[in-house]
Amino acid sequence: QIPQNFTEYAEKRLSAKLDKFFGSEAEAKITMATHKELIVIELNVTYNNLIYRAEQSAVDKEDALDASIDKIIRQIRKEQARDGKE
C-alpha cells in the first residue's frame, strides 16, 4: 500500500516533469516495494501506444521516484531524437 501523501507527491512530480512531453494524455502507474533496506519504485508511463518503464531503488522513496522519472525522461528524449522531433 502506497501512503496517500506519497501518492500526491508522486502525482505532482510526474506532472511537473512529464507534462511538457505528453500534456495530460499519458497514463502513469507506480508500484512500490521494499527489498532489504531499500525502496524499489517501478514506473510505467503509457502514451500513444508507447510504454516507457523505469525501475529504481533507493533508501528514500522520493529519491527512487525522482531517479525513475529521470530515466523515463532519458528514454523519451532518446525516442524523440530517433524520430527527429528534438
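Any chance you could count how many residues in the stretch 20-53 are farther than 14 Å from residue 64 by Cβ, at pLDDT 90 or above and acidic (Asp, Glu)?
Adding up the residues that qualify gives 1.
Within the stretch 7-27, is there a residue that is out of contact with any Pro (no Cβ under 9 Å at 6 or more places or on another chain) and part of a strand (DSSP E or B)?
Among the residues of the stretch 7-27, at least one is out of contact with any Pro (no Cβ under 9 Å at 6 or more places or on another chain) and part of a strand (DSSP E or B), which makes the answer yes.
Being more than 16 Å from residue 23 (Cα to Cα), hydroxyl-bearing (Ser, Thr, Tyr), within 13 Å of the chain's Cα centre (by Cα) and in a strand (DSSP E or B), is that true of even one residue in the stretch 57-67?
Yes, the stretch 57-67 contains at least one residue that is more than 16 Å from residue 23 (Cα to Cα), hydroxyl-bearing (Ser, Thr, Tyr), within 13 Å of the chain's Cα centre (by Cα) and in a strand (DSSP E or B).
Taking the options 47, 52, name whichever one is among the aromatic types (Phe, Trp, Tyr), farther than 15 Å from residue 10 by Cα and touching a strand residue (DSSP E or B) at 6+ places or on another chain (Cβ under 6 Å).
52
Would you pick out the residues in the stretch 53-72 that are in contact with a Phe, Trp or Tyr (Cβ under 9 Å, 6 or more places away or on another chain) and either surrounded by fewer than 17 Cβ atoms within 10 Å (Cβ to Cβ) or closer than 17 Å to residue 7 by Cβ (or both)?
At the first step, the residues of the stretch 53-72 found to be in contact with a Phe, Trp or Tyr (Cβ under 9 Å, 6 or more places away or on another chain) are 61-62, 65, 71-72.
Within the stretch 53-72, 61, 62, 65, 71 qualify.
If a residue must be touching a helix residue (DSSP H, G or I) at 6+ places or on another chain (Cβ under 7 Å) and of a type in the set (Val, Ile, Thr), how many such residues does the stretch 46-71 contain?
Result for the stretch 46-71: 1.
For the stretch 11-52, how many residues meet the condition of being open to solvent by 50 Å² or more (accessible area, probe 1.4 Å) and either touching a Leu at 6+ places or on another chain (Cβ under 7 Å) or in contact (Cβ under 8 Å) with a residue 40 or more places away in the chain (or both)?
Total satisfying the criteria: 3.
The values are calculated or read from the model by the stated rules, or taken from the named source; none is laboratory data. All values derive from a computational prediction rather than experimental measurement. Quick reminder, even Gly has a Cβ in these numbers, built from the backbone with ideal geometry, and neighbours come from all protein chains shown. Accessible surface is based on the protein model in full, side chains and every heavy atom, while ligands, DNA and RNA are left aside. Shrake-Rupley method; radii C 1.70, N 1.55, O 1.52, S 1.80 Å.
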